[in-house]
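These notes concern the structure reproduced below.
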Amino acid sequence: FTGANLIQADLSHSNLTGANLTGADLRAANLTGANLTQALLADSLLFRANLQGCCLSQAQLEGTKLQLARYDGQTLWPEGYNYRNSGAVGPKANLNGVYLNTANLRNADLQGANLRGAYLSGADLSGANLEDAALSGANLQGAFLTGAYLRKARLVGAEIQGVDFRGADLTDANLEQIESIAGADFTLVQGLSEETKAMLCSRPAEELGTWNQFTRHNTAESLGLVEG
């Protein structure tokens with residue numbers, strides 16, 4: 001497999017123990033649940049690969065490119081490997097200031113991730129787990145957070161114009177110093193404190209009257225200020 005072209009290959013649940021994938025092109029490959037124990041992956045390309053539930057124990061990852069590869073709490077990494085700073089997307093990942101505009105992060109596990117100042121405009125984060133994530137200063141304009149889990153998420157100063165928050169859980173989320181909520185849709189949001197809701201409802205009429213281009217609700221309607 002050295003240098004092999006495995007772009008978008010479906011290798012889910014494969015047993016690749018000890019496989020020599022040095023320099024292989026595994027961009028967008030599906031490695032869900034695959035066993036890559038002791039695999040040789042030096043200088044391989046794993047951009048946007050799915051590594052959820054993948055076992056990479058004792059694998060060689062020197063020079064491996066992991067930007068936007070998806071991992072989760074079941075992914076096993078080589079001991080001591082600094083996966084949080086690899087550019088891969090998953091729990092506690094350090095994605096400070098990263099460009100993720102329009103990225104497909106549906107159902108991603110980003111619990112405790114550092115997304116401060118990240119560019120997430122138009123990204124699909126539907127159903128994503130963003131519990132305790134740091135999103136301060138992030139650009140979320142037009143992002144889809146439908147049904148996302150945002151408990152204790154920090155959104156201080158984030159740009160949330162046009163965000164689809166429908167059905168999201170915002171329990172204990174920090175929405176202070178938001179620049180504008182124009183077009184944001186809060187329909188059926190859970191856990192919004194009375195204090196936070198009052199703050200949102202006191203925004204300028206121009207913001208509250210802005211329509212979300214996808215959901216066809218305006219922000220005031222979604223907060224229950226007017227009948228839809």
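Given the structure, is residue 146 outside the structural domain of residue 37 (by TED's automatic domain parsing), crowded, with 20+ Cβ neighbours inside 10 Å and either part of a loop (DSSP other than H, G, I, E, B) or in contact (Cβ under 8 Å) with a residue 40 or more places away in the chain (or both)? The answer is yes for residue 146. Against the test of being surrounded by fewer than 21 Cβ atoms within 10 Å (Cβ to Cβ) and of a type in the set (S, T, N, Q), the options 174, 218, 212 yield a single qualifying residue, 174.
Whether a residue is modelled with pLDDT of 95 or more, among the polar types (S, T, N, Q) and farther than 21 Å from residue 145 by Cβ was assessed, and residue 121 does not pass this test.
Looking at the range 9-25, can you tell me whether even one residue there is within 21 Å of residue 125 (Cβ to Cβ) and either assigned to a loop (DSSP other than H, G, I, E, B) or modelled with pLDDT of 95 or more (or both)? Before the answer, list the steps.
Going through the range 9-25, the residues within 21 Å of residue 125 (Cβ to Cβ) turn out to be none.
No, the range 9-25 contains no residue that is within 21 Å of residue 125 (Cβ to Cβ) and either assigned to a loop (DSSP other than H, G, I, E, B) or modelled with pLDDT of 95 or more (or both).
Does residue 141 satisfy being more than 21 Å from residue 110 (Cα to Cα), out of contact with any helix residue (DSSP H, G or I) (no Cβ under 8 Å at 6 or more places or on another chain) and at pLDDT 95 or above? When the stated conditions are applied, residue 141 does not pass them. Check whether at least one residue in the range 149-159 is in contact with a Leu (Cβ under 7 Å, 6 or more places away or on another chain), under 16 Å from residue 212 (Cβ atoms) and surrounded by 24 or more Cβ atoms within 10 Å (Cβ to Cβ), and report yes or no. There is no residue in the range 149-159 that is in contact with a Leu (Cβ under 7 Å, 6 or more places away or on another chain), under 16 Å from residue 212 (Cβ atoms) and surrounded by 24 or more Cβ atoms within 10 Å (Cβ to Cβ).
The values are calculated or read from the model by the stated rules, or taken from the named source; none is laboratory data. Keep in mind that what you see is a predicted model, and the values were worked out from it rather than measured. Note: ideal-geometry Cβ built from the backbone for every residue, glycine included; neighbour counts use all protein chains shown.
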